[in-house]
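First the structure, in the form of structure tokens, and then the observations on it.
The values are calculated or read from the model by the stated rules, or taken from the named source; none is laboratory data. Just so it is clear, the structure is predicted and the values come from calculations on it, not from any experiment. Quick reminder, even Gly has a Cβ in these numbers, built from the backbone with ideal geometry, and neighbours come from all protein chains shown. When the accessible area is computed, the model is the full protein with side chains, heavy atoms only, and any ligands, DNA or RNA have been set aside. Shrake-Rupley method; radii C 1.70, N 1.55, O 1.52, S 1.80 Å.
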Amino acid sequence: MSELKVYNSYSREKEIFKPITPGHVGMYVCGPTVSGESHLGHARPYITFDVIYRYLTHLGYKVRYVRNITDAGHFEEEGRAAEDKISKKAILEKLEPMELVQKYTNLYHWAMAQFNTIPPSIEPTATGHITEQITMIQKIIDAGYAYEVNGSVYFDVKKYAEGHDYGKLSGRIIDDLLETTRTLEGQEEKRDRADFALWKAAPPEHIMHWPSPWGEGFPGWHIECSAMSNKYLGEQFDIHGGGMDLLFPHHESEIAQSTICNGKNPARYWIHNNMITINGKKMGKSYNNVIKLTELFSGDNPVLEKAYHPMVIRFFILQTHYHSTLDFSNEALQAAEKGLRRLWEAYENLGKLEIPDNTTAGDKELDEKVKKLVNEFDEFMNDDFNTAKVLANMFELAPVINSLKDKIIPISALSQDTFNLLKEKFGLYIEDILGLKSVSAADNDKLKGVMELLIEIRKEAKGRKDFATSDRIRNQLSAMGISLKDEKGGGMSWTVEAS
RNA sequence: GGUACCGUGGCCGAGUGGCUAGGCAGAGCUCUGCAAAAGCUCCUACAGCAGUUCGAAUCUGCUCGGUACCUCCA
């Protein structure tokens, strides 16, 4: 079997994956800032890294998956910042900071569960690790790479760049960074415009602040990930992941901080997923084109033609390699919806098939083809987690499976070994590694009983050519979102559309 | 402006220099009381120009177009 190769953003090359400690993998993924509702953009990294986590686990690694919650910082409740400053009443009505954070954390967890992502091993919060961050900042100050001004602490990028390669990860040229003409608010305190905050003094009206050696304030954005990854995964760990937009300045700064504190790049492999775009534009606050996950699932957004099932989103994302941009459109999602349904039906059909013992391949060519398609699953995943190719092979297998089920191809065309391999790997991949689930709604026993009754009545009606009755049953059910299909050989199957 | 990346058939999207990716849509056929589903078949593209090569979607250069990052961002 081929070795796992991953594209390392740091070296810009595909590298063979070798963990620091054999048999173990430490993976840190930048989590969301919970100052607002999770949106479609959040779906991409967490589904991508969920599959990576699942695959590494499948390979036999014991993976410690750490994904943080950014719940500290200078955020305010959406759309209320301005009035808060002038209205005492608004201040009274405002949610407690932690109440706000809890609300959006809960929503995020709920959405991640909808996507069938496995919760991380550790999910540390920034507010829960203030002391660790302060300790780290102090270490950087002591090392001479940070300075304090008016209760805020900044990282001295210019000094760091003298002896280190600041900008390597993101392909930045340090001189350009130092000379950028862009002017931003509140930068007078910095010695150099490329410097970034490790600690910010909090103005009195600020909603979140903690005591520190430099006064009341809150941690800078980059330090939390360094502090928490260090705490739970050590000075150097295997994989650091996140969205491509975090390359600079976030991950670049993390490398700088950790290098000063621990003398090394914190991660061996930097993995970044690309962005989701809408009509060719990145989805983001600044573009005002954000689709919240709750809206996506309910269809309640002007750009959405309908609601989309979380599994459709998951499938849609996995149909593209994680390193490519993924353009969102109703057309593309609806295509994904149909594709997933077809694939899943084939999978269910496969589950119902049985093969007699000691069958030898009656159709050698087909047998070989099936074997090849199945074995390529591993190869494709080993090639930088190419889920798109795995799915393509599954689609190639679908007609074979359906033909076996309809007896267009006799089951004896395949050898017992090949059939078992197909059954085992298809299930392993589609459910355990890709993490897909059925989109059709609830199986419950009472409904099943009712359906069996209706099917029996319809069969009887058809038997006496009472098509008015048989069509009435099918049509009425269809109107309720239950589709009945006549199968070859007189059987009937039914599926309930997800509401 | 600087730095990266990208430009694939109606749409979405894989892609290792030579061999039909795949999905959705569309057309035809088979099956079927009808329908749906399923199966089979068809639809063979790689922004433009030049170059390297026996051979390029894949390498090089230029042109055009697009996106991202440089600011909070997944």
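Brief remarks follow.
- Any hit, the stretch A:145-167, residues being part of a loop (DSSP other than H, G, I, E, B), within 16 Å of RNA strand B (Cβ to nearest atom) and of a type in the set (A, V, I, L, M): no
- Qualifying positions in the stretch A:390-409 - farther than 10 Å from A:Asn349 by Cα, more than 8 Å from RNA strand B (Cβ to nearest atom) and surrounded by 15 or more Cβ atoms within 10 Å (Cβ to Cβ): A:Val390, A:Leu397, A:Ile409
- Residue check, A:Lys292 in contact with an Asp or Glu (Cβ under 6 Å, 6 or more places away or on another chain) and basic (Lys, Arg): yes
- Close pairs (7 angstrom Cβ cut-off, 6 or more residues apart or separate chains): closer than 21 Å to A:Leu434 by Cβ in the stretch A:344-365, assigned to a loop (DSSP other than H, G, I, E, B) anywhere: A:Trp344/A:Ser438; A:Trp344/A:Val439
- Of note, A:Ser412 satisfies the criterion of being modelled with pLDDT of 90 or more, surrounded by 13 or more Cβ atoms within 10 Å (Cβ to Cβ) and either among the hydroxyl-bearing types (Ser, Thr, Tyr) or more than 30 Å from A:Glu15 (Cβ to Cβ) (or both).
- Across the stretch A:8-26, the qualifying residues are those that are over 17 Å from A:Glu252 (Cα atoms) and within 14 Å of RNA strand B (Cβ to nearest atom), and the one among them that is surrounded by the most Cβ atoms within 10 Å (Cβ to Cβ) is A:Lys14.
- Filter result for A:Asp357 (within 13 Å of RNA strand B (Cβ to nearest atom) and open to solvent by 50 Å² or more (accessible area, probe 1.4 Å)): no
One line per residue, one yes/no per condition, for (1) surrounded by fewer than 17 Cβ atoms within 10 Å (Cβ to Cβ); (2) more than 11 Å from RNA strand B (Cβ to nearest atom); (3) under 26 Å from A:Asp156 (Cα atoms):
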position	(1), (2), (3)
A:His240	no, yes, yes
A:Gly243	no, no, yes
A:Ser253	no, no, yes
A:Asn262	yes, yes, yes
A:Asn288	yes, yes, no
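- Single residue of the stretch A:320-340 satisfying the filter (more than 6 Å from RNA strand B (Cβ to nearest atom) and surrounded by 18 or more Cβ atoms within 10 Å (Cβ to Cβ)) that is nearest to the chain's Cα centre (by Cα): A:Tyr322
- Top-ranked residue of the stretch A:449-494 - restricted to ones that are among the β-branched types (Val, Ile, Thr) and open to solvent by less than 40 Å² (accessible area, probe 1.4 Å), ranked as nearest to RNA strand B (Cβ to nearest atom): A:Ile473
- Within the stretch A:193-213, the only residue that satisfies the criterion of being closer than 20 Å to A:Glu162 by Cα and away from RNA strand B (no atom under 11 Å from the Cβ) is A:Leu198.
- Of the numbered criteria (1) among the β-branched types (Val, Ile, Thr); (2) open to solvent by 10 Å² or more (accessible area, probe 1.4 Å); (3) touching a Lys or Arg at 6+ places or on another chain (Cβ under 6 Å), the one A:Val29 fails is (2).
- Selected residue (criterion: modelled with the lowest pLDDT) from residues of the stretch A:91-104 that are more than 22 Å from the chain's Cα centre (by Cα) and surrounded by 15 or more Cβ atoms within 10 Å (Cβ to Cβ): A:Lys94
- Evaluation of A:Glu424 against the conditions (1) open to solvent by less than 70 Å² (accessible area, probe 1.4 Å); (2) assigned by TED's automatic domain parsing to the domain that holds A:Glu345 shows that the sole unmet condition is (1).
- Selection status of A:Ile278, under 26 Å from A:Ala113 (Cα atoms), among the β-branched types (Val, Ile, Thr) and either buried (at least 19 other Cβ atoms within 10 Å of the Cβ) or within 14 Å of RNA strand B (Cβ to nearest atom) (or both): yes
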